[in-house]
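For reference, the structure is listed below as structure tokens.
The values are calculated or read from the model by the stated rules, or taken from the named source; none is laboratory data. What you see is a predicted model; the values in this text were computed from it and never measured. FYI the Cβ positions are ideal-geometry reconstructions off the backbone, even for glycines, and counts take in every protein chain you see.
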């Protein structure tokens, strides 16, 4: 395995160097992005920094007027965050558990992911962190629930706590102030595991429904569309009846979700397909229409065909163009709505945790960004909130942003960093 890792780094580095010379000098960002023509890759570009972590007092770089501190440390691959009404902060600690590689490319991809601790043994738990004295740093840590199956999304409705495991949604009884759940919970919906394994959750504004993001098994339906049934979609679970259905589809890997308060629409960030070039197609932020189809696997960014896929003209004709491009392969995962007044220098809009690329010649993402909104839609270019997660030569990753949410005080953001094993807190500078 060490030989494969070294060989992958050597070959991947050579391929990335060659492709970097012909890569675009811009990123596909915004409502009308300039998306380069597809360039099929016979050998996938594999480029991943080595996980370094935060050493010698190094911390992320804040936008002017902001400050950052570690809210919680010593976690095991923290991915997602949920703040309870009493201010307790829940963190899902989980990791992709790769199956046996079937091809040489599988071996290479897994070796690449291990360099940045992206796959391996999963902690499979949710921990509770409490900042009892309100100083912006948690002093109390408890195991809230453990022995789960790659837990990710979390949601609380009344005294019922919902957890998105990779194989379905479970519900537990919860009493305000509890530091641990009891019992094994009840499974409400089953999802197919593997592939894109995260299962984010969000509650409807009236508390009657839960929405769950379920990513595709493969890049472009490589194992046939039957294997993708029920995937590449956002599901809706009606809590009263227990019935679940697909709410929107054609979303290759919809992860973070958020409600936009002016229109009441659901928004999500989506990771697009690989193998067509550094900037093609871009990941995106979009509103989600009930019954909407967003193109995967047949087409991207509206009706741009992917000719690697057997086509379905009727489905292509239905494809909805996303609202806002986020750059190619930025792995935009985290998403939350930030009201005006939360952080100085920033209005209202969407905050996005960009986990960072592994499959392009020049790395992208690896930052926490903000997209301003007005009248229910993106209203300007993206702004950086936190950067500095990569070394200048792109060889080291100090951290990788994932989930993001408002802090308990309403004047800060909390962001999970699964390489640094830290929950960062961003607030106004003193």
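For the stretch 354-403, the tally of residues that are on the phi > 0 side of the Ramachandran plot and within 17 Å of the chain's Cα centre (by Cα) stands at 3.
Evaluating residue 361 against the criteria (1) touching a helix residue (DSSP H, G or I) at 6+ places or on another chain (Cβ under 7 Å); (2) under 20 Å from residue 213 (Cα atoms) leaves one unmet condition, (2).
Residues in the stretch 379-404 that are touching a strand residue (DSSP E or B) at 6+ places or on another chain (Cβ under 9 Å) and surrounded by fewer than 20 Cβ atoms within 10 Å (Cβ to Cβ): 10 in all.
Considering the conditions (1) surrounded by fewer than 24 Cβ atoms within 10 Å (Cβ to Cβ); (2) part of a strand (DSSP E or B), residue 256 is excluded by exactly one of them, (1). Inspection of the stretch 238-248 identifies at least one residue that is assigned to a loop (DSSP other than H, G, I, E, B) and in contact with a strand residue (DSSP E or B) (Cβ under 7 Å, 6 or more places away or on another chain). Filtering the stretch 105-114 to residues that are surrounded by fewer than 20 Cβ atoms within 10 Å (Cβ to Cβ) and more than 17 Å from the chain's Cα centre (by Cα) leaves 105, 106, 107, 114.
The set of residues in the stretch 58-87 that are under 26 Å from residue 370 (Cβ atoms) and in a loop (DSSP other than H, G, I, E, B) comprises 58, 59, 60, 63, 64, 65, 75, 77, 84, 85, 87.
The listed residues are 74, 120, 57, 87, and the only one of them that is within 15 Å of residue 399 (Cβ to Cβ), in contact (Cβ under 8 Å) with a residue 24 or more places away in the chain and surrounded by fewer than 17 Cβ atoms within 10 Å (Cβ to Cβ) turns out to be 74.
When the test is whether a residue is outside any loop (DSSP other than H, G, I, E, B), at pLDDT 95 or above, closer than 22 Å to residue 201 by Cα and in contact with a strand residue (DSSP E or B) (Cβ under 8 Å, 6 or more places away or on another chain), residue 327 does not pass it. Of all the numbered requirements in (1) over 23 Å from residue 328 (Cβ atoms); (2) free of Cβ contacts under 8 Å to residues at least 12 places away in the same chain, residue 222 misses one, and that requirement is (1). All conditions but one from (1) surrounded by fewer than 18 Cβ atoms within 10 Å (Cβ to Cβ); (2) farther than 30 Å from residue 52 by Cβ; (3) under 24 Å from the mean Cα position of the chain (by Cα) apply to residue 170; the one that does not is (1). Residue count for the stretch 219-237, restricted to those that are part of a strand (DSSP E or B) and under 30 Å from residue 307 (Cβ atoms): 3. Among the residues of the stretch 302-315, is any assigned to a strand (DSSP E or B) and either without any contact (Cβ under 8 Å) to a residue 60 or more places away in the chain or in contact with a strand residue (DSSP E or B) (Cβ under 6 Å, 6 or more places away or on another chain) (or both)? Yes, there is a match, as at least one residue in the stretch 302-315 is assigned to a strand (DSSP E or B) and either without any contact (Cβ under 8 Å) to a residue 60 or more places away in the chain or in contact with a strand residue (DSSP E or B) (Cβ under 6 Å, 6 or more places away or on another chain) (or both). Assess whether residue 361 counts as being surrounded by fewer than 23 Cβ atoms within 10 Å (Cβ to Cβ), in a loop (DSSP other than H, G, I, E, B) and in contact (Cβ under 8 Å) with a residue 24 or more places away in the chain. Answer is yes for this residue.
When we screen 417, 421 for residues that are closer than 20 Å to residue 70 by Cβ, modelled with pLDDT of 95 or more, within 18 Å of the chain's Cα centre (by Cα) and crowded, with 22+ Cβ neighbours inside 10 Å, the only hit is 417. Looking at this structure, is residue 144 touching a residue at least 12 places away in the same chain (Cβ under 8 Å), buried (at least 22 other Cβ atoms within 10 Å of the Cβ), over 18 Å from the mean Cα position of the chain (by Cα) and within 20 Å of residue 423 (Cα to Cα)? The answer is yes for residue 144. Number of residues in the stretch 186-218 that are assigned to a loop (DSSP other than H, G, I, E, B), in contact (Cβ under 8 Å) with a residue 60 or more places away in the chain and out of contact with any helix residue (DSSP H, G or I) (no Cβ under 8 Å at 6 or more places or on another chain) equals 5.
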